[in-house]
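Let me begin by presenting the structure, written as structure tokens, before commenting on it.
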Amino acid sequence: LGFEIKTGTAQANDLSATIQKETANADALSTKIDELSADIATDEADLKAATEIRTKEEADFKAKEADLVETVDILERAIGIIEKEMKGGSFAQVSKNAHNMVEVFKSMVTAQSISSLEGEKLTALIQATQQDSDEEGGAPDPAVYENQSGGIMDVMNDLLEKSQGELDKARNTETANIQNFQMLKQSLEDEIKFGEKEKDEASKSK
């Protein structure tokens with residue numbers, strides 16, 4: 001009996017030490033699980049926010065691209081019409097009778113060369129160019145250029161070049177935004193995946 005008491009006491013001491021050690025390990029694992037849960041929640045929130053930003057960027061780009069594509073198309077068509085009319089000599093009469101570029105567009109609408117909506121868009125482009133020029137320091141007002149076909153063509157070609165440049169820039173920016181988002185998305189998804197795995201292992205260990 002004495003021997004059994006001695007052995008049992010030793011075993012009890014060993015088991016008590018093991019219990020204390022494993023209790024400390026369990027507490028440490030609980031802390032680790034909490035930290036991992038917080039990190040995962042942060043990554044998920046970041047991913048959600050980044051996705052919302054990307055969705056808005058994409059919508060803004062599509063709207064801007066559609067507008068610029070339409071603008072380029074209208075300008076190219078208008079320039080083509082003017083060049084064709086210039087060769088036929090009829091555009092000279094239109095230019096002569098028009099006091100400014102807006103009236104030229106109105107004449108083109110009347111002649112059904114372009115639609116009224118296209119004429120309005122061209123007028124708005126000219127007015128926007130005029131406003132930009134005024135803000136930049138007083139470039140000549142496109143609306144009061146001499147009504148010669150060459151002067152009008154210069155303005156139209158400048159607008160076309162500017163619109164094409166803005167379209168290229170918008171597309172390049174969108175491509176960069178997509179690449180940056182994909183990289184961020186992949187990084188956050190990997191962190192969430194590894195965090196969940198580590199959290200599961202910690203839970204099993206606990």
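The values are calculated or read from the model by the stated rules, or taken from the named source; none is laboratory data. Fair warning: this is a prediction, and the values are worked out from it, not measured in the lab. Glycine gets a Cβ as well: all are built from the backbone with ideal geometry, and neighbour counts include every protein chain shown. Surface areas here come from the heavy atoms of the whole protein model, side chains and all, with no ligands, DNA or RNA. Shrake-Rupley method; radii C 1.70, N 1.55, O 1.52, S 1.80 Å.
Observations
- The C-beta contact set for region 49-72 (first residue over 29 Å from GLU161 (Cα atoms), second residue open to solvent by 70 Å² or more (accessible area, probe 1.4 Å), distance under 8 angstrom, 6+ apart or interchain) comprises ALA50/LEU184.
- Residue satisfying all of: in region 163-177; open to solvent by 50 Å² or more (accessible area, probe 1.4 Å) and touching a residue at least 24 places away in the same chain (Cβ under 8 Å); farthest from ALA28 (Cα to Cα) among these: GLN164
- THR51 falls short on exactly one of the conditions (1) open to solvent by 70 Å² or more (accessible area, probe 1.4 Å); (2) among the polar types (S, T, N, Q); (3) modelled with pLDDT of 95 or more, and that condition is (1).
- Near pairs, Cβ below 7 angstrom, 6+ apart or cross-chain, from region 13-36 (among the aromatic types (Phe, Trp, Tyr)) to any residue that is modelled with pLDDT under 95 and loosely packed, with under 10 Cβ neighbours inside 10 Å: none
- Residues of region 179-206 that are open to solvent by 70 Å² or more (accessible area, probe 1.4 Å) and either farther than 21 Å from LYS48 by Cα or among the hydrophobic types (A, V, I, L, M, F, W, C) (or both): MET183, LEU184, PHE194, GLU198, ASP200, GLU201, LYS204, SER205, LYS206.
- Being open to solvent by less than 80 Å² (accessible area, probe 1.4 Å), within 16 Å of GLU189 (Cα to Cα) and under 32 Å from the mean Cα position of the chain (by Cα) is a property that holds for ASP43.
- Checking each residue in region 68-86 for being surrounded by 19 or more Cβ atoms within 10 Å (Cβ to Cβ) and at pLDDT 85 or above picks out only LEU68.
- Residue count for region 178-206 under the criterion of being in contact (Cβ under 8 Å) with a residue 24 or more places away in the chain, part of a helix (DSSP H, G or I) and closer than 17 Å to SER37 by Cα: the result is 11.
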